[in-house]
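Taking it in order: structure first as structure tokens, then the write-up.
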Amino acid sequence: MPTKWRIFLDTSALLAGLNSPTGAAGVILAACFAHEFMPVVSPQIIEEAERNIPVKFPLLKDGWASFLLIPPEVAPEPPLSEVRRARVLLPTSDAPILACAFRAKPDALITWNTRDFQRPNVRKETPFPILTPGEFIEGMWRAKRETGGER
């Protein structure tokens, strides 16, 4: 049996998937709900979602609650030393998320934040691909065709 892909979902991709079920991020979330992928998040992503959903996206409250029932894997908080190393690569407020993703060792990090996460130095130093939802879907289908459906 093939191993289930572990995908680290940034807040931007997670909220986009909940908000637009037919978009690429929504397709990824549907696959998570169907247990085809294991979603991985950080405590900071949960905090960001819970802070933003009631204020900016109140209609996503039930979808968010359903997502938490999957349940996603919650990666442990990285130590400050790892966050500092991530901040060298990504000197933004997203450094703790990158550090958490490094610690979780996912098959991919899915985000709409291309300005920060897809900087050339970040992509070069990251041992897993950092992709938009559409790039992930495209790559997943390509891999399925090449391997006959196996991971």
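Taken together, the values in this text are just the output of simple stated rules run on the coordinates, not laboratory data. None of these values were measured; they are calculated from a predicted model. Neighbour counts are summed over all protein chains in view; Cβ atoms, including those assigned to glycine, are modelled from backbone coordinates with ideal geometry.
Could you list 53, 7, 97 so that the one with the fewest beta carbons within 10 Å of its beta carbon is first and the one with the most is last?
53, 7, 97
Summary value for the chain: 28 percent relative contact order, contacts being C-alpha pairs under 8 angstrom separated by 6+ residues. For the range 5-144, the equivalent ellipsoid built from the Cα gyration tensor has semi-axes of 22, 18, 13 Å, listed from largest to smallest.
Relative to the current alpha-carbon distance between residue 84 and residue 20, full extension at 0.36 nm per residue lengthens the span by 19.6 nm. With neighbour counts taken as other beta-carbon atoms within 10 Å, the residues 100, 32 rank, fewest first, as 32, 100. Protection proxy ranking of 66-74, 88-96, 38-46, by the mean of other Cβ atoms within 10 Å over each peptide's residues and highest first, is 38-46, 88-96, 66-74.
Each label point was placed 7 Å from the Cα along the Cα-to-Cβ direction; for residue 135 and residue 4 their separation is 2.6 nm. Per-residue Cβ neighbour counts within 10 Å put 22, 11, 126 in the sequence 22, 126, 11, beginning with the fewest.
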